[in-house]
Amino acid sequence: MKYIHISTVEGKPAVCFDTGLDPRSFARTKMSQSLIECGYIVFPDGRKEVWKPSGVNETNGYMRVWGPSFSGERLDTFIGDINSVASQQEALQAVTFWIRAKMLLGDTYSTLNPGAVFICMKDYTSETGDRVFPKGSVFFAPPNLSSRCLIAEATEIQVTLRSGAASSGAASSGAASSGTASVKRISSTSQEVPVYDRYSCPDLTGMDAAAFCAGVMLYKILSKIHPYQSDTTIFQDMREGVFIPPHLNAPGLNKNLCDLIQLALFLPVENKRTVSSTDIIGNLLKALTENETRIVSVSSLFGKLGTEEKIRLKKEKTRFFNIQNTVVKTKRFMIRNKHALIGAAFGLLFILFIFVSTTRSMKQRPTTEGLASDTVIIAYYEAFSSLDHIFMEACIQGADKGDINVALNLYAILRTRQAHEMSNRATFIPARLWRDNGGELPAPDVFGVTDLTIEYLAGSEEDNMIIYRANYLLWSPEEYSISRSDILTLRRDKRKNWRIVEILRTER
């Protein structure tokens, strides 16, 4: 049912506003203050008349505000269902009357919602004969009162549709159903408020809001499609300028009018506002009227299109929709998940940093590249003497790492001592250096290999395996030496470098 309508009150026609509130809720929400809110009647000759509510009564348990009658029809009834050229022409005429009336009101605050506006589409005389409403007269209902009623009306429609769907589902499954959808009024504490105004952007005021509303209504009338299809993202679409250009949804529409409608729809988008709203709405009125009085016909606004042009526009529309849909979904996904994406980006950067650092470190690590098999053995024991555990790792592939652990532990002891003594002086003396300097005993803090001899045992480079025996003395920091005999097996790795794969050790 229509919550804003013309009915009979106290035996006289009146404009009625059904609030959908019971007396207690009406009092609690202070809706009685709406009695001091005014609306406006704008006549074609430019005269303006203030409209004020006359009283409140209770109808079927719910409160109704009513006031002086106005003869006309709600604007939304014209632009809702356009199924013929005649209905399209009538809707265009009604919106043109609306645009003219809004311009006459100027910056005066008045409702924009088409459901709260009544239009005289012909000359009316009141039943008492004391009032005349010429064709083109427009009634703007009190904004806050009408908004309350339209929210209740939209909610009733929503509940009715849901109840009807539930009844259909129950009937199809064999459940008992009365076949009649129950209608529920919106309560004053309802938390689910539907979109009751699809023609206004909540961010705009004054002439900006009027020009935008005019653009949306004209888009709907001339293309027969609302520019913002989604109920869940409608206001976000308005703010971001997400719609298909009018020339693609209304092929052949006058280019000037297409541009004006598009400029109006871009008003909520800050970086796309190029023309003032006053210029837009004024030019819209000029485009829709002839000699400032006669409203143009819908057919005169459309040019004839050839078959090739229709095909081209259809392809352009499909391409535009696909691109826009992808861009909008990507943008909104990134905005909606920006914190998670920032975290993921930092995580990826950290992983990349670790990967690059590890790769660089591995590239800088020593290898046995270019060394002959016997040279690898000599270099291994030299590194053992100098506690170069990193190079010892490069020489080993699968062999016992006992020597590396010894070198690593002594290296840690060396660094700890240097830190405590705040000195870079070497704590351990390499055994070969000690021997070359005379090798006098006692020899505290001497460590390393001396008297190293290498003997070939088996294998060949062609077989990529060679076995050697290495005999040497290992000097310990505890002032004793150990005679060792190691049998070392070497193989080439995947980089063709010789590596020690086995160490068999004998001590005596």
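The values are calculated or read from the model by the stated rules, or taken from the named source; none is laboratory data. This is a predicted model, so every value here is computed, not measured. Reconstructed Cβ throughout: ideal geometry from the backbone, glycine too, with neighbour counts over all protein chains shown.
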Test each condition in (1) touching a residue at least 40 places away in the same chain (Cβ under 8 Å); (2) assigned to a helix (DSSP H, G or I); (3) surrounded by fewer than 11 Cβ atoms within 10 Å (Cβ to Cβ) for Glu308 and report the one that comes out false. (1)
Within the group Ser110, Ser146, Ser137, Ser126, which residue is touching a Cys at 6+ places or on another chain (Cβ under 6 Å), on the phi < 0 side of the Ramachandran plot and touching a residue at least 60 places away in the same chain (Cβ under 8 Å)? Ser137
Looking only at the stretch 18-36, and only at residues there that are surrounded by 12 or more Cβ atoms within 10 Å (Cβ to Cβ) and among the polar types (S, T, N, Q), the one that is nearest to Ala141 (Cα to Cα): Ser34
Positions within the stretch 6-17 being surrounded by fewer than 17 Cβ atoms within 10 Å (Cβ to Cβ) and within 14 Å of Tyr62 (Cβ to Cβ), in sequence order: Ser7
So Ala431 passes all but one of these: (1) of a type in the set (A, V, I, L, M); (2) at pLDDT below 90; (3) surrounded by fewer than 18 Cβ atoms within 10 Å (Cβ to Cβ). Which condition number does it fail? (3)
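One line per residue, one yes/no per condition, for (1) assigned by TED's automatic domain parsing to the domain that holds Gly67; (2) surrounded by 13 or more Cβ atoms within 10 Å (Cβ to Cβ); (3) at pLDDT below 70:
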| site | (1), (2), (3) |
| --- | --- |
| Phe118 | yes, yes, no |
| Ser126 | yes, yes, no |
| Arg148 | yes, yes, no |
| Ile157 | yes, yes, no |
| Thr160 | yes, yes, yes |
| Ala176 | yes, no, yes |
| Gly179 | yes, no, yes |
| Ser182 | yes, no, yes |
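Is it the case, given these coordinates, that Met121 is among the aliphatic types (A, V, I, L, M), more than 25 Å from Ala154 (Cα to Cα) and in a loop (DSSP other than H, G, I, E, B)?
It is true that Met121 is among the aliphatic types (A, V, I, L, M), more than 25 Å from Ala154 (Cα to Cα) and in a loop (DSSP other than H, G, I, E, B).
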Restricting attention to the stretch 381-396, does a residue exist that is polar (S, T, N, Q) and not assigned by TED's automatic domain parsing to the domain that holds Thr450? no
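Just to be sure before I move on: is Met362 over 30 Å from Arg469 (Cβ atoms) and either surrounded by 10 or more Cβ atoms within 10 Å (Cβ to Cβ) or of a type in the set (Gly, Ala, Ser) (or both) in the structure I sent? Break it down stepwise before answering.
Working: over 30 Å from Arg469 (Cβ atoms): yes; either surrounded by 10 or more Cβ atoms within 10 Å (Cβ to Cβ) or of a type in the set (Gly, Ala, Ser) (or both): no.
No.
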For the stretch 235-246, indicate whether the set of residues that are closer than 26 Å to Arg312 by Cα, of a type outside the set (D, E, K, R) and either in contact with a Cys (Cβ under 6 Å, 6 or more places away or on another chain) or not in a loop (DSSP other than H, G, I, E, B) (or both) is non-empty. yes
Is it the case that Met63 is assigned to a strand (DSSP E or B), touching a helix residue (DSSP H, G or I) at 6+ places or on another chain (Cβ under 7 Å) and among the hydrophobic types (A, V, I, L, M, F, W, C)? yes
